[in-house]
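Structure first, then comments.
The values are calculated or read from the model by the stated rules, or taken from the named source; none is laboratory data. Because the structure is predicted, anything quoted here is derived from the model rather than measured. Cβ sites come from the backbone with ideal geometry, for glycine too, and all protein chains shown count toward neighbours. Remember, those area values only see protein heavy atoms, side chains included, never the ligands or the DNA or RNA. Shrake-Rupley method; radii C 1.70, N 1.55, O 1.52, S 1.80 Å.
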Amino acid sequence: MCGIVGFTGRRQAAAVLLEGLKKLEYRGYDSAGIAVRNGSELAEVVKATGKLKNLCEKTDNGNALKGTCGIGHTRWATHGEPTKKNAHPHVSGNCVGSGSGPVESNVVGVHNGINENYQELKDKLTRHGYVFYSGTDTEAAIKLIDYYYRKYQLGPVDALTRSMVRIRGSYALEVMFKDYPGEIYVMRKDSPMIIGVADGETYVASDVPAILEHTRSVYYIDNMELARLLPGEVHFFDLNGDEVKKDPVEITFSAESAEKGGYEHFMLKEIHEQPRVLADTLHSAVDPDTCRIDIGPDDGTLRNTEQLLIVACGSAYHAGVAGQYVIEKLAGVPVRVELASEFRYRTVPVTGNILAVVISQSGETADSLAALRKLKKNNIRTLAVVNVVGSSIAREADCVFYTKAGPEIAVATTKAYSTQLLSMYLLAIRLAEVRGIIDGARKAELIAELEALPEKVARLLEEKERLQWFSTKLVSALSIFYMGRGIDYAACLEGSLKMKEISYIHSEAYAAGELKHGTISLIEDGRLVIGVLTQPDLYEKMISNLVEVKSRGAFLMAVTNYGNYSVEDNADFVVYVPKTDPLFYPSLSIVPLQLLAYYTAVNRGEDVDKPRNLAKSVTVE
């Protein structure tokens, strides 16, 4: 959610800031703004509502603003409507905040996150003469920093540490002080922030793509830390104001991997990258000589695990649901899958040897991070499955498995979800092996099936034209139902989410056995029902379910594996996927569902990569 960038160096800052913000558009936003300083001159602030191109036009792509130090922001409205007055940057002075031009203000800043006690701070600051011009929680934070800075005549670091202990909630705050030209100060609690230094210039952003073309050597600022940025250098401080040393982390993927590469949308590019990222993730975990699987926890932990607890949100939760079926079937370990947004607030009895798996693409998902901290507070061993090296969840978990999806720009996840699925398969195989449930021959057979998945996904992608054609029939659909049994139901959950989040067509996924318990009342003439039926032991039951909805007028699409040709007796459109081990079919059946959602959204003229009201990294509640 939201995006922040900052730059201090030799070049004109505005153009660098705008380019960085363009790389963060996938995070979701409804307004944008930048503030630039030219030496000791006042900061000049420019804001615009709507798309970033409006801000680019307003500033002549940054050429209208002079200065080599600046900060920028794309805002996703939480507190206050998406107006210029509420757009960032915000200032500590009493100006209206909606216009453009130089601002007479001690502190100018931008903020990602939620200031939970902003009303309390606002009341306090109002009593001290501050006047508020916006409806945001951010303005209270900027004015609080100014309050400590002026009243106690503190330096920037001390003013920020005072503010950090007063602000409740999550934040990545980036500020410039009037008295410190050429410097940017940042502080962080629970919201992501990275810093890069290269060639005498310093960059800061909320995600890697914003600075990747400038440097691949970055610093991750830890929770409850702050930093002082000068041209070509950065200094880190803890909550006591003491300087701390950090080592940079090298980003392994290239800047080109965060570009469209000739595809019309990032989502289509990322769907087509799935064969590669599946292979990369598999080869990162499986030793080619010994076939040993390294998924994070040591053998003793896995051997003694009595129960698995999988905690995640959104698509990561759906990967966990699929993981539940695979782990229980293959390793015989009881599995509970919990929504992190619910788990963090529940009183959950936890007894015995539990391994908790927290799945998150960004490693910064607010609810998943809070759930992780709750688990650790209860002395439960944790495994993080994340895609971002150095992210908060990765750093705070007891052990971590990194998926190799690379940068995922489209809001609707595809390739990251596929690598999360693969991580669940690998965990299941390793658990079964160390617990003596499968032998070497069965393990080799399963790994061979995993090795074959990338090529099978590539074959499915070659048939995308059929799905593109079929998607034209969905353009005017009002509602779509997905149904499956067993692990196919898990695939339906993800397929339905893909459809609704980018096409805005209502869709729901149901366990097919629940049809008679209410759902079938919604089936009527022409209603599209998508059935996924890949499991041999449930195939006949799923055929019966298809017959049930067909007899009530449903228009049927089926996703099944080669050989199940009898499904054509009932389905109006069939997609066949290559055969694999029944446990691994979600990795194949999801591909046509992703493509169907994508082409349907394109045909409806929707913004596929940046669907309305959604953000890539949900870093606030």
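Brief remarks on what is shown
- For region 205-221, filtered to residues that are in contact with a helix residue (DSSP H, G or I) (Cβ under 9 Å, 6 or more places away or on another chain) and in a strand (DSSP E or B), the residue that is most open to solvent (accessible area, probe 1.4 Å) is Tyr220.
- Only one of the listed residues (Ala140, Ala172) is crowded, with 24+ Cβ neighbours inside 10 Å and under 15 Å from Tyr118 (Cβ atoms). That residue is Ala140.
- Top-ranked residue of region 244-274 - restricted to ones that are acidic (Asp, Glu) and open to solvent by 40 Å² or more (accessible area, probe 1.4 Å), ranked as modelled with the lowest pLDDT: Glu256
- Unmet requirement for Met224, which otherwise passes all of (1) surrounded by 23 or more Cβ atoms within 10 Å (Cβ to Cβ); (2) under 23 Å from Val107 (Cβ atoms); (3) of a type in the set (A, V, I, L, M, F, W, C): (1)
- Residue that is over 25 Å from Lys329 (Cα atoms) and either in a helix (DSSP H, G or I) or at pLDDT 95 or above (or both), where the choices are Leu493, Leu497: Leu497
- Any chance Leu282 is assigned to a helix (DSSP H, G or I), in contact with an Asp or Glu (Cβ under 8 Å, 6 or more places away or on another chain), at pLDDT 95 or above and under 23 Å from Val457 (Cα atoms): yes
- Of all residues assigned to region 25-37, at least one qualifies as being under 28 Å from Val411 (Cβ atoms), of a type in the set (Asp, Glu), outside any helix (DSSP H, G or I) and open to solvent by 10 Å² or more (accessible area, probe 1.4 Å).
- Residues considered: Leu121, Leu160, Leu154. Of these, the only one that is surrounded by 16 or more Cβ atoms within 10 Å (Cβ to Cβ) and within 23 Å of Ala77 (Cα to Cα) is Leu121.
- Residue match in region 195-203 (condition: more than 25 Å from Ile167 (Cβ to Cβ), modelled with pLDDT under 90, assigned to a loop (DSSP other than H, G, I, E, B) and in contact with a Lys or Arg (Cβ under 9 Å, 6 or more places away or on another chain)): no
- Check on Pro586, over 30 Å from Ala172 (Cα atoms), touching a strand residue (DSSP E or B) at 6+ places or on another chain (Cβ under 6 Å) and either among the acidic types (Asp, Glu) or in contact (Cβ under 8 Å) with a residue 12 or more places away in the chain (or both): no
- Condition check for Asp294: more than 25 Å from Lys498 (Cα to Cα), among the charged types (D, E, K, R) and within 27 Å of the chain's Cα centre (by Cα): yes
- Candidate set: region 347-366, residues that are of a type in the set (S, T, N, Q) and within 11 Å of the chain's Cα centre (by Cα); chosen: the one farthest from Met424 (Cα to Cα): Thr365
- So Ile114, is it under 19 Å from His73 (Cα atoms) and of a type in the set (A, V, I, L, M, F, W, C): yes
- When residues of region 521-553 are limited to those that are assigned to a loop (DSSP other than H, G, I, E, B) and modelled with pLDDT of 90 or more, the one surrounded by the most Cβ atoms within 10 Å (Cβ to Cβ): Thr534
- Condition met for Gly605 (open to solvent by 10 Å² or more (accessible area, probe 1.4 Å), farther than 30 Å from Leu426 by Cβ and of a type outside the set (Val, Ile, Thr)): yes
- Filter pass, Ala384 being farther than 16 Å from Arg336 by Cβ, touching a Lys or Arg at 6+ places or on another chain (Cβ under 6 Å) and open to solvent by less than 40 Å² (accessible area, probe 1.4 Å): no
- Only one entry of Ser418, Ser423 meets the criterion of being surrounded by 22 or more Cβ atoms within 10 Å (Cβ to Cβ), in a helix (DSSP H, G or I), among the polar types (S, T, N, Q) and out of contact with any strand residue (DSSP E or B) (no Cβ under 9 Å at 6 or more places or on another chain), and that entry is Ser418.
- Matching residues in region 510-527 - criterion: being in contact with a Ser or Thr (Cβ under 8 Å, 6 or more places away or on another chain) and among the hydrophobic types (A, V, I, L, M, F, W, C): Leu522
- In this entry, Glu104 is excluded by the filter for residues that are at pLDDT below 95, under 30 Å from the mean Cα position of the chain (by Cα) and open to solvent by 50 Å² or more (accessible area, probe 1.4 Å).
- Considering region 554-598, the residues that are among the polar types (S, T, N, Q) and assigned to a helix (DSSP H, G or I) include one that is modelled with the lowest pLDDT, namely Ser566.
- Condition check for Glu41: under 22 Å from the mean Cα position of the chain (by Cα) and at pLDDT below 90: no
- Cβ separations smaller than 6 Å between residues 6+ apart or across chains give the following pairs from region 289-305 residues that are more than 23 Å from Glu445 (Cβ to Cβ) and open to solvent by less than 30 Å² (accessible area, probe 1.4 Å) to residues that are assigned to a loop (DSSP other than H, G, I, E, B) and not basic (Lys, Arg): Thr305/Asn353.
- Qualifying residue in region 74-94 (condition: assigned to a loop (DSSP other than H, G, I, E, B), basic (Lys, Arg), open to solvent by 40 Å² or more (accessible area, probe 1.4 Å) and in contact (Cβ under 8 Å) with a residue 12 or more places away in the chain): yes
- Residues of region 364-402 satisfying the condition of being among the small types (Gly, Ala, Ser), closer than 18 Å to His318 by Cβ and part of a loop (DSSP other than H, G, I, E, B): none
- Flag if Gly363 is closer than 26 Å to Gly495 by Cβ, open to solvent by less than 10 Å² (accessible area, probe 1.4 Å) and modelled with pLDDT under 95: yes
- Scan of region 561-583 for residues that are without any contact (Cβ under 8 Å) to a residue 60 or more places away in the chain and charged (D, E, K, R), ordered by number: Glu568, Asp569, Asp572, Lys579
- If only residues of region 175-190 that are among the charged types (D, E, K, R) and under 25 Å from the mean Cα position of the chain (by Cα) are counted, the one that is most open to solvent (accessible area, probe 1.4 Å) is Lys189.
- Considering region 469-507, the residues that are closer than 22 Å to Ala410 by Cα and among the acidic types (Asp, Glu) include one that is surrounded by the fewest Cβ atoms within 10 Å (Cβ to Cβ), namely Glu501.
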